[in-house]
């Protein structure tokens, strides 16, 4: 465990805390893409298959349970909670996210490090996470005004994977890890998709103005 | 071993 990875995990956890804070306190999920949340549940389910078969540390197991529990809880809130589900921007959350799942499955079957169930599903989870934010970004572009907590949530979610890239650089240099194409490329694509959001988020933060993405 | 392939990460 290095500082970059710890910071990355904490940033990821914080993004989920911010999202839960928004949903629970404001009792609203306006501006949040249910499709992105559902994709994240699939990412965690397919990535943490070794939860009960491989033990790395208390931290690793605890964090996997937290990420699985909160992501499933958020989908439940947005789908079934009587108040919250009324606030879901159903008509604007229109991205065809099933294509993302299909593409990721095909890519994982074609490009992987080993052809066994755990490895292919793990690879699938990396490809899917790289594009999971797309429905959310498309929804943000349609939202006239993006509330602060939603903007902070997306920013933290993007920042965590950027920190993971630094963690991979560290592991490559300091732990003389071999270069791993799949996580690296997936992580770079994932972070690159946030590029223009980062630009407008930081600009709105500097100019103290409301966050607005160009349509 | 899997750690080698970042399976020890979240």
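The values are calculated or read from the model by the stated rules, or taken from the named source; none is laboratory data. These numbers come from a predicted model, not from an experiment. Cβ coordinates were reconstructed from backbone atoms using ideal geometry, including for glycine residues, and neighbour counts include every protein chain displayed.
When you scan the stretch A:170-188, how many residues do you find that are touching a helix residue (DSSP H, G or I) at 6+ places or on another chain (Cβ under 9 Å) and loosely packed, with under 14 Cβ neighbours inside 10 Å?
Total meeting the criteria: 2.
Every residue in the stretch A:121-154 that is closer than 26 Å to residue B:7 by Cα and not in a helix (DSSP H, G or I), please.
Across the stretch A:121-154, the qualifying residues are A:132, A:133.
Can you pull out the residues in the stretch A:45-69 that are surrounded by 14 or more Cβ atoms within 10 Å (Cβ to Cβ), more than 8 Å from chain B (Cβ to nearest Cβ) and assigned to a loop (DSSP other than H, G, I, E, B)?
Once the filter is applied, which keeps residues that are surrounded by 14 or more Cβ atoms within 10 Å (Cβ to Cβ), more than 8 Å from chain B (Cβ to nearest Cβ) and assigned to a loop (DSSP other than H, G, I, E, B), the stretch A:45-69 yields only A:48.
Select from the stretch A:185-207 the residues that are under 24 Å from residue A:107 (Cα atoms) and either touching a residue at least 24 places away in the same chain (Cβ under 8 Å) or in a loop (DSSP other than H, G, I, E, B) (or both) and list them in ascending order.
A:186, A:187, A:189, A:190, A:191, A:193, A:194 - these are the residues of the stretch A:185-207 that are under 24 Å from residue A:107 (Cα atoms) and either touching a residue at least 24 places away in the same chain (Cβ under 8 Å) or in a loop (DSSP other than H, G, I, E, B) (or both).
Identify, from the list A:160, A:153, A:199, A:194, the residue that is at pLDDT 95 or above and exposed (fewer than 14 other Cβ atoms within 10 Å of the Cβ).
A:199
Please give the number of the condition residue A:4 fails out of (1) surrounded by 15 or more Cβ atoms within 10 Å (Cβ to Cβ); (2) more than 17 Å from residue A:161 (Cα to Cα); (3) over 15 Å from the mean Cα position of the chain (by Cα); (4) within 14 Å of chain B (Cβ to nearest Cβ).
(2)
Yes or no, residue by residue, for (1) at pLDDT 95 or above; (2) under 21 Å from residue A:157 (Cβ atoms):
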{"site": "A:71", "(1), (2)": "yes, yes"}
{"site": "A:78", "(1), (2)": "yes, yes"}
{"site": "A:83", "(1), (2)": "yes, no"}
{"site": "A:87", "(1), (2)": "yes, yes"}
{"site": "A:94", "(1), (2)": "yes, yes"}
{"site": "A:97", "(1), (2)": "yes, yes"}
{"site": "A:100", "(1), (2)": "yes, yes"}
{"site": "A:109", "(1), (2)": "yes, no"}
{"site": "A:113", "(1), (2)": "no, no"}
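Conditions tested, residue by residue: (1) surrounded by 13 or more Cβ atoms within 10 Å (Cβ to Cβ); (2) touching a helix residue (DSSP H, G or I) at 6+ places or on another chain (Cβ under 9 Å).
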| residue | (1), (2) |
| --- | --- |
| A:82 | no, no |
| A:97 | yes, yes |
| A:105 | yes, yes |
| A:117 | no, yes |
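For the stretch A:1-38, which positions are in a helix (DSSP H, G or I) and within 20 Å of residue B:6 (Cβ to Cβ)?
A:3, A:4, A:5, A:6, A:7, A:8, A:9, A:10, A:11, A:12, A:13
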